[in-house]
Amino acid sequence: MKKTLFKIFKAILLLLIIGGIGSYCYIDYELNKILGSSTEIINISEIIKPSSAIQIKNVAILSEDCGYFIENQNVLLQDGKIVSIDSNLTINKSIKIIDGTNMYLIPGLVDSHVHLKKSKNDLYLYLVNGITSIREMAGKAIALDWKKAIQTNDEIGPRMFVASAPISSINGLEGYYHQWTRQTLNYNTKEDAEKAIQKVKEMGYDALKMYSFVNTEMFNATIEVAKENDIPVIGHIPDEINLKSFYQSGQKEVAHIEELTKQNMDEFEKSIARNPEEYITFLKSRSDQIAKELKNNQVNVTSTVALMESLLIQKFDLESKLREVQLKYVNPKISEGTSIVKLGWLPTRNSYEYDGIDDFEQRKLTKIFWKTYIEAIRIMTKSLVKYDVTILAGTDANVSPMVAGFSLHKELETLSGYGMTNTEVLYSATVAPNEWMKSNSGKIKVGYNSDLVLLSKNPLEDIKNTKTIEYVFFNKNLIDKTQINDILKSIEQVNNKNRSIEIDEFIK
């Protein structure tokens, strides 16, 4: 009898082990699948060919402060650098000449908050949208590989600033689970922080990404060790850290304007949905002081306001929001997500989609909350502008519904609608991020990198004109409108080949 029971126990234990291993493998497969690596990479080198020298003649160029255009200029590009800007036209017939008459030359744009995952075609979506630099805000080793290959001209893509995986400090099994599913850098002692940060620096990451799930002790340890290693800390404001403690902490940047309003909501200590007007009054009495403190402590803020504007629509009318964006260019495995957990973009797989009980009162309160949430971000943005806090235009690209490349133009429009002048908006996407990254780009200036965009319409008159792209210049390369269309068509084709869920109903 005992032998029989022992055999049954062994059989059950074996089944549990096999089931556990099987479940782990399945979940791990699904989590990796939604990063998008299974989608075919287009052959960009067949479309784009380098040009060692280019002259853009008779063009209006954007001033270094983004305030006005200087007309009738001739710009010579040589081996990826701006070597001459002159009003006197000297034509060299041995090099490629582009007529810029009635056109507008601006620095290449920067999206200061993107998530590449493993979707390499996204690099090309940035370029065709005039984005010649990106900041990857939750970096994986593959992003470092791409960055290095682009630097050595072995690959074609935008310049890349790569932050580390998000930092967390969760104990026990939950910490291991969090590290696995969210791909975080998890540690709980200063010694472990020192080892982790040293490794991050050795691997070549440009910054440490602070996350929400970091306790006070590890927040302070991270800032201290990062300073010793001369690597900046950027990202979220951890849940345990209040604004008063944060200002002088040494963190160089806040990754979203909403991080500031979320902290303010915690201080309010009442239901936002049931007291929306009172909360807005509460925020208005504090938003200017928050902005002053950030300015005084030289803390920059990345915007991501277009994403916030989308939340209410995604919750209650997701289909209409998906029809607004260029969904066909999104890596299908990213938009489809997984049935295990809501990490995708599409209905039933979108984490923002409202799935509460079908109760009128609850839906009403949810709508009030999100309307108030968005209004709070508008108010905070205006205070940041008022007190000249450096704002970096960023989109959280690859978070629904922020389509890589295209989303930055929507972000610029949204910032313009929040009261920023078109000069301030362009500055936030050109000069400001490049100065922050200490990059030799962002201005049309002799000696600077030839990261430029030629537009057919003036973006200072209407910020939507950043989309009127005729040419994109980067490194030794240029892309014209025909090539842009070829790249987009190629990406659409490979996406369709790897699509499991049809999206015809969302295509314009």
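The values are calculated or read from the model by the stated rules, or taken from the named source; none is laboratory data. Keep in mind it's a predicted model, so treat the numbers as computed, not measured. Every residue, glycine among them, receives a Cβ derived from its backbone with ideal geometry; neighbour counts consider all protein chains shown.
For this structure, a couple of remarks:
- Residue list for the range 317-338, restricted to those being without any contact (Cβ under 8 Å) to a residue 60 or more places away in the chain and surrounded by fewer than 16 Cβ atoms within 10 Å (Cβ to Cβ): 317, 320
- Test for residue 384: is it of a type in the set (A, V, I, L, M, F, W, C) and either in contact with a His (Cβ under 9 Å, 6 or more places away or on another chain) or closer than 23 Å to residue 116 by Cα (or both): no
- Cross-chain or 6+ apart pairs with Cβ under 6 Å, the range 384-395 first and of a type in the set (Gly, Ala, Ser), then assigned to a loop (DSSP other than H, G, I, E, B) and at pLDDT 95 or above: 393/303; 393/429; 394/303; 394/304
- Test: residue in the range 322-336 that is among the hydrophobic types (A, V, I, L, M, F, W, C) and touching a strand residue (DSSP E or B) at 6+ places or on another chain (Cβ under 6 Å): no
- The residues of the range 188-212 that are touching a helix residue (DSSP H, G or I) at 6+ places or on another chain (Cβ under 7 Å) and surrounded by fewer than 16 Cβ atoms within 10 Å (Cβ to Cβ), listed by number, are 190, 203, 204.
- Failed item in (1) surrounded by fewer than 24 Cβ atoms within 10 Å (Cβ to Cβ); (2) part of a strand (DSSP E or B), with residue 153 passing the rest: (2)
- Unmet requirement for residue 269, which otherwise passes all of (1) out of contact with any Lys or Arg (no Cβ under 9 Å at 6 or more places or on another chain); (2) at negative phi; (3) surrounded by fewer than 23 Cβ atoms within 10 Å (Cβ to Cβ): (2)
- Listing of helices (runs of 4 or more DSSP H) fully contained in the range 229-314 that carry 2 or more residues being within 17 Å of residue 392 (Cα to Cα) and in contact with a Ser or Thr (Cβ under 9 Å, 6 or more places away or on another chain): 258-268, 276-296
- The range 416-433: number of residues that are of a type in the set (Gly, Ala, Ser) and more than 15 Å from residue 444 (Cα to Cα): 4
- Filter pass, residue 81 being at pLDDT 70 or above, surrounded by 15 or more Cβ atoms within 10 Å (Cβ to Cβ) and of a type in the set (D, E, K, R): yes
- Filter result (farther than 19 Å from residue 474 by Cα and part of a loop (DSSP other than H, G, I, E, B)) within the range 64-77: 65, 66, 67, 68
- Any hit, the range 323-344, residues being on the phi > 0 side of the Ramachandran plot and part of a loop (DSSP other than H, G, I, E, B): yes
- So residue 143, is it over 30 Å from residue 189 (Cβ atoms), assigned to a helix (DSSP H, G or I) and in contact with an Asp or Glu (Cβ under 6 Å, 6 or more places away or on another chain): no
- Breaking point among (1) surrounded by 18 or more Cβ atoms within 10 Å (Cβ to Cβ); (2) within 17 Å of residue 325 (Cα to Cα); (3) at pLDDT 95 or above, for residue 506: (3)
- In a residue-by-residue description of the range 352-371, the property of being among the hydrophobic types (A, V, I, L, M, F, W, C), under 26 Å from residue 126 (Cα atoms) and touching a residue at least 12 places away in the same chain (Cβ under 8 Å) applies to no position.
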